[in-house]
Amino acid sequence: MRDASPKPLVQVTDLKMHFPIYSGIFRRHSGDVKAVDGVSFDIQAGETLGLVGESGCGKSTVGRALLRLYEITAGKVVIDGEDVASLPPEALRKKRPTMQMVFQDPQASLNPRMTLARIISEPLDEHTDWNDARKLERVYELMDAVGLNRRFANRFPHEFSGGQRQRIGIARALALNPKFIVCDEPIAALDVSIQAQVVNLLEDLQERFGLTYLFISHDLSMVRHIADRVAVMYLGKIAELSPRDALYSLPLHPYAEALLSAVNEPDPVRAATRKRIILKGDVPSPANPPLGCNFSTRCPRVFDRCRVEDPALRQVEPGRFVACHLYDQQTAAGPTGAPEVNERNQQGELQ
Amino acid sequence: MPDRAVPVLDVKGLKTVFRTRGGEIHAVNDVSFHLGKGELLGVVGESGSGKSVSMMSLIGLLPSPPADVRGGSVMLNGRDLLKISEDELRSVRGAKVGFVFQDPMTSLNPVFTLGNQIMEPLIKHMKMPKKAAEARAIELLELVGIPDAKNRLSAYPHQFSGGMRQRVMIAIALACDPDVLIADEPTTALDVTIQAQILELVKELRQKLGMAIIWITHDLGVIAGIADRVMVMYGGQVVEQAPVRELFANPQHPYTRALLKTIPAISGPREARLKVIEGQPPIMTAAPTACPFRDRCEYRFDTCDRVNPPRRAVDGAPVGQGHDVACHWSAPALAALSEVAHA
């Protein structure tokens with residue numbers, strides 16, 4: 001199936017993003033925060049890949065590393081045929097128009113001293129040699145595309161509401177006709193009734209301009225709405241990567257299962273009968289991840305092997321990738337449910 | 001478990017105005033509700049709907065100026081909180097009414113130990129000796145599920161994660177056995193799996209302690225799982241109020257109906273396109289003389305521009321007791337209209 005499809009627009013291979021920790025009076029390099037630790041995925045042209053996980057799991061870092069807003073520790077990020085991770089500065093600059101970003105906080109990501117027209121035309125100043133008239137024409141075009149009234153061109157960001165500011169951020173991201181846009185929690189700071197406006201806009205623009213999105217969010221219901229495939233991250237690694245419908249109807253990785261069960265459904269009847277998996281404890285520190293599987297400290301289905309061996313992300317069904325020993329051939333081929341038998345024996349001894 | 005017949009809190013006609021340089025902002029306009037013993041009332045609304053401000057007005061938590069609580073009564077166990085002195089009010093806060101805020105990062109004092117902060121209300125309000133307060137603090141931490149409570153008393157807030165800090169905040173709010181706990185978006189800043197832990201904890205605590213809770217949130221999903229009754233606010237007013245199942249099954253106000261449709265579903269059929277409520281919430285620069293939702297309402301007609309609809313009963317029970325709504329349209333008329341609109 002995969003071979004028949006065209007080459008993916010974005011190919012990420014074993015991406016690592018470590019931030020060094022310096023400590024002691026000599027500020028010696030004493031360790032690393034492994035924010036992203038070996039992440040691989042593809043995004044097809046025109047597709048929306050949802051990237052979900054809890055705070056600190058590294059999802060935003062992945063988004064930023066993809067656009068090389070950080071110097072990547074290791075790995076390859078091929079976007080439209082070129083490895084962004086290793087491009088020299090001048091080539092990277094030329095590459096930037098094809099890949100853009102929409103940020104979470106429209107308040108903080110817009111310069112309060114610049115007018116809307118200047119904010120949207122800044123990428124044009126940087127990357128084109130157009131004259132002012134042509135740039136203004138493009139600004140108007142973009143404002144129309146995102147649903148901002150042309151009369152607002154000379155106003156400042158503080159005069160706009162959160163939803164409108166996010167439209168400004170989207171217009172700026174679109175200015176250079178990008179192919180790929182990283183949307184980093186674009187609706188997290190907005191009110192419920194405004195979120196739908198922005199999501200519908202993103203979908204319209206995708207259809208009109210053939211955009212490819214990496215949609216980073218912690219809102220699992222919204223990701224179900226917008227994404228074609230979804231990657232679930234936990235502590236710097238991908239736990240599961242599956243097509244949307246498959247994941248939401250039957251999550252395979254125990255973390256994906258717990259995460260989905262924790263979503264609050266706006267339906268009191270269903271909420272009363274639904275079984276939730278309540279995970280114990282907190283996410284471990286990425287500076288000192290547990291031995292073996294990252295999720296082993298909180299996993300309700302943990303067994304011995306999880307605590308010593310880190311599971312790799314494997315394809316377990318066509319198109320579904322899971323990093324869990326439960327779905328490993330070896331475990332499955334052996335005496336089925338061997339770990340559970342062991343547990344039962346131990347309990348038996350205790351009794 | 002919840003006993004609606006015994007009201008713990010009865011609020012009538014609450015009005016709060018902020019005086020700013022740009023003029024007055026009428027943040028809370030004639031809000032009335034009551035809270036029964038052991039009941040959990042969910043208050044839903046978008047930012048600026050007046051949900052937090054009205055609850056903070058109740059117990060005098062808003063700085064004045066700029067805030068000015070202009071009218072109404074807040075009866076807590078037979079006493080009007082708007083008429084008592086600041087000293088009396090201070091003894092009510094903490095002892096009778098506990099408050100949990102949204103952000104557990106900023107609502108704990110970083111320079112005092114947790115023990116210190118939990119024991120403070122016990123020593124101040126309950127006049128407990130230090131030894132007894134310490135024992136009670138340990139008990140409270142165990143109650144909210146913090147392991148190794150005894151040794152954690154000497155820890156500082158920064159040594160705790162967000163979810164743990166919110167547990168500590170709940171412990172502090174519960175310290176003096178309050179009659180009412182007001183929780184202002186207590187799970188909004190937390191991750192979903194931690195949110196689930198806290199919701200589970202609150203359900204457990206309700207069983208054990210039986211206090212009444214006001215839960216302020218913008219998240220209808222949280223409300224669906226935890227509330228007995230829901231009050232929907234818009235433009236500083238209560239636009240709809242009903243028992244939780246009734247509200248979700250049979251929403252009356254156009255705003256509530258639209259709000260329920262803008263949220264994408266996590267299960268069941270996936271919508272091709274999200275329903276949108278066009279426009280922005282209003283900024284109330286004057287006392288309302290018309291329906292605050294009219295600019296965004298699909299069903300607006302001339303009366304909406306002239307008269308602010310009063311709350312009226314939907315199901316025959318008196319307003320505030322059963323299901324009530326503040327809209328000029330009757331339910332059958334609205335149903336007929338929406339059929340025409342979506343046909």
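The values are calculated or read from the model by the stated rules, or taken from the named source; none is laboratory data. Bear in mind the structure is a predicted one, so any value in this text is a computation, not a measurement. Here Cβ is always computed from backbone atoms with ideal geometry, including for glycine, and neighbour counts include all displayed protein chains. SASA here: full protein model, heavy atoms, side chains in, ligands and nucleic acids out. Shrake-Rupley method; radii C 1.70, N 1.55, O 1.52, S 1.80 Å.
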message = Could you work out what % of the accessible surface of the range B:7-342 is carbon and sulfur, using a 1.4 angstrom probe and leaving DNA, RNA and ligands out of the count?
response = 54 percent
inquiry  = Within 10 Å of each candidate Cβ there may be at most 12 other Cβ atoms; applying that plus a DSSP loop requirement, which trypsin sites (Lys or Arg not before Pro) in the range A:194-283 survive?
reply    = A:Lys275, A:Lys280
ask   = Relative to the longest principal axis of chain A, what angle (0 to 90°, nearest 10) does the C-alpha long axis of helix A:132-146 take?
value = 50 degrees
remark   = Quick calc, B:Ala132 & A:Asp132: beta-carbon distance into FRET formula, R0 56 Å, rounding 0.05, result 0.15
note = Using alpha carbon centers only, the range A:185-244 is separated from the range B:281-343 by a whole-angstrom value of 33 Å
task = Please list, or write none, the aspartates and glutamates whose alpha carbon is within less than 17 Å of the alpha carbon of A:Lys16, excluding same-chain residues fewer than 8 places away.
result = A:Asp32, A:Asp37, A:Asp42, A:Glu71, A:Asp83, A:Asp310
request  = Calculate the length of the line joining the C-alpha centroid of the range A:286-305 to that of the range A:91-153, in whole Å.
outcome  = 45 Å
request  = Taking a cut-off of 26 Å between Cα atoms, list the lysines near B:Lys124, but don't count ones fewer than 8 places away on the same chain.
outcome  = B:Lys37, B:Lys83, B:Lys96, B:Lys150, B:Lys208
request  = For n ≥ 4 DSSP H runs only, could you compute -39500 (n - 2.57) per run for the protein assembly as shown, divide by its residues and tell me the 222 nm figure to the nearest 500?
outcome  = -10000 deg cm²/dmol
message = Tell me the carbon and sulfur percent of the accessible area for chain A, rounded to whole percent, probe radius 1.4 Å.
response = 50 percent
key: Convex hull volume of chain B per residue (C-alpha atoms, cubic angstrom)   = 152 Å³
ask   = What translational diffusion coefficient, in µm²/s and rounded to a whole number, does the Stokes-Einstein relation yield for the range B:237-343 at 37 °C and a viscosity of 0.692 mPa s, taking the hydrodynamic radius as the Kirkwood radius over Cα pairs?
value = 218 µm²/s
request  = Quickly work out the B:Arg273-to-A:Ala188 label distance, labels modelled 7 Å from Cα along the C-beta direction, and quote it in nm with one decimal.
outcome  = 2.9 nm
key: Contact order relative to length of the range B:7-342, as percent, for alpha carbon pairs under 8 angstrom and 6 or more apart   = 20 percent
query = Out of residues 5 or more away from B:Leu274 or on other chains, whose amide H comes under 5 Å of its own, with H placed 1.01 Å from N in the peptide plane?
reply = none
query = Can you list the GluC sites (Glu not before Pro) in the range B:1-110 that are in a DSSP coil and have 13 or fewer other beta carbons within 10 angstrom?
reply = none
remark   = Of the listed links A:Lys280/B:Lys203; A:Lys59/B:Lys261; A:Lys76/A:Lys237; A:Lys275/B:Lys203; A:Lys59/A:Lys237, those spanning more than 19 angstrom between alpha carbons are A:Lys59/B:Lys261
query = Cα gyration tensor of the range A:267-323, axes a ≥ b ≥ c as square roots of the eigenvalues: rounded (a/c below 1.5), prolate (a/b > b/c) or oblate?
reply = oblate
note = In nm, the gap between the two label points placed 7 Å beyond Cα toward Cβ at A:Ile277 and B:Arg312 is 5.0 nm
ask   = What residue among B:Val238, B:Val97, B:Val192 has the largest mean-square fluctuation in a Gaussian network model of chain B, using Cα springs under 10 Å?
value = B:Val192
query = Using a basic spin-label model with each label point 7 Å from the Cα along Cα→Cβ, how many nm lie between B:Asn151 and A:Tyr22?
reply = 3.3 nm
key: Area buried, chain A against chain B - accessible surface, total, 1.4 angstrom probe, square angstrom   = 3700 Å²
message = What does the C-alpha gyration tensor say about the overall shape of the protein assembly as shown? Classify as rounded when a/c is under 1.5, otherwise prolate if a/b is larger than b/c, or oblate.
response = oblate
